[in-house]
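Here, each number is a calculation from the coordinates, and none is a lab measurement. Because the structure is predicted, anything quoted here is derived from the model rather than measured.
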């Protein structure tokens with residue numbers, strides 16, 4: 001590779017100490033123009049070089065390699081369906097056609113597909129197969145996991161281009177949460193509860209955007225109400241979670257009610273983003289917030305403001321990389337990031353006004 005003297009390696013704080021290697025990375029980036037995100041790609045290349053300089057063990061490097069390959073492929077598949085809302089469905093792989101849980105999942109998948117959503121499941125049997133059966137092949141995504149005992153993809157999604165196979169649970173979980181506009185959990189085993197608790201943890205700690213999480217039972221079922229008794233008695237009453245955290249999920253045994261809960265969440269609310277080094281939280285809306293609503297929000301939720309007030313604002317320059325949401329009205333607040341349950345209550349008020 002021919003060395004270019006005009007490439008300045010000095011401005012970067014995250015780089016390799018070897019000046020020759022640092023310059024070669026910049027030369028490679030020059031060949032990839034006009035790709036717009038070269039600074040981020042440069043850090044990936046630098047990390048790769050640092051792994052070699054650290055004498056990273058072969059087994060550790062295999063984990064990194066496989067994770068990156070899985071993510072790259074999944075990003076590429078989902079890229080073609082950006083802008084289409086999606087809902088992830090979790091539940092037991094052991095229920096069969098005719099079981100109330102199976103039929104409930106079929107009906108829910110059908111209703112969400114009719115509402116314009118795509119349905120993401122783990123691609124296996126039981127509730128996963130039922131959700132896909134209701135949504136149909138065109139509206140289904142399958143995120144399969146490679147297990148010691150082979151988990152075959154269900155008939156609806158098998159051999160479909162939207163079926164993605166993962167080796168690692170953590171990369172698979174990333175896409176369940178990242179690509180979903182809503183998460184629905186039906187009765188299930190360890191895996192279902194694992195996915196549910198992880199989704200709630202990510203939302204509770206602000207590692208994922210506010211998202212509706214619905215616990216859907218069969219008609220008359222008690223699975224999630226028994227689960228809530230544990231949450232309330234063993235966690236909430238002992239102070240392990242806050243009372244406001246119960247606002248992060250919604251329990252129902254009605255498909256219609258579950259669908260309505262997801263529609264309610266997006267009635268006026270659109271999306272959120274932090275700006276000013278996470279000092280300000282922006283809530284983007286589908287329609288402007290009336291002055292009376294803003295006043296009510298300030299009166300009701302002053303306890304979760306670090307300073308100032310909730311106010312209507314214009315787009316921030318940092319949002320220029322999201323042109324699709326540039327024209328949306330938005331509210332800004334200096335949000336105390338210890339109260340995501342209260343933030344969900346704030347969003348509920350915005351949607352119900």
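What to note about this one:
- Here the chain carries DSSP beta bridges of which approximately 45% are antiparallel, counting only pairs with both residues inside.
- One quarter of the surface of the convex hull around the alpha-carbon atoms of segment 84-265 equals 10.0 nm², the direction-averaged projected area.
- Diffusion constant of segment 202-297 at 4 °C, which comes from Stokes-Einstein with the Kirkwood Cα-pair radius and 1.567 mPa s, µm²/s: 82 µm²/s
- Cα centroid separation - segment 154-171 against segment 323-348, whole Å: 33 Å
- Span from the segment 277-306 Cα centroid across to the segment 121-136 one, whole angstrom: 38 Å
- For segment 19-78, fraction of C-alpha pairs farther apart than 16 Å, in %: 56 percent
- Whole-number D in µm²/s for segment 269-352 (Stokes-Einstein; Kirkwood sum over Cα pairs; 37 °C, 0.692 mPa s): 254 µm²/s
- Geometric extent, Cα atoms of the chain - Rg, Dmax (angstrom): 22.9, 73
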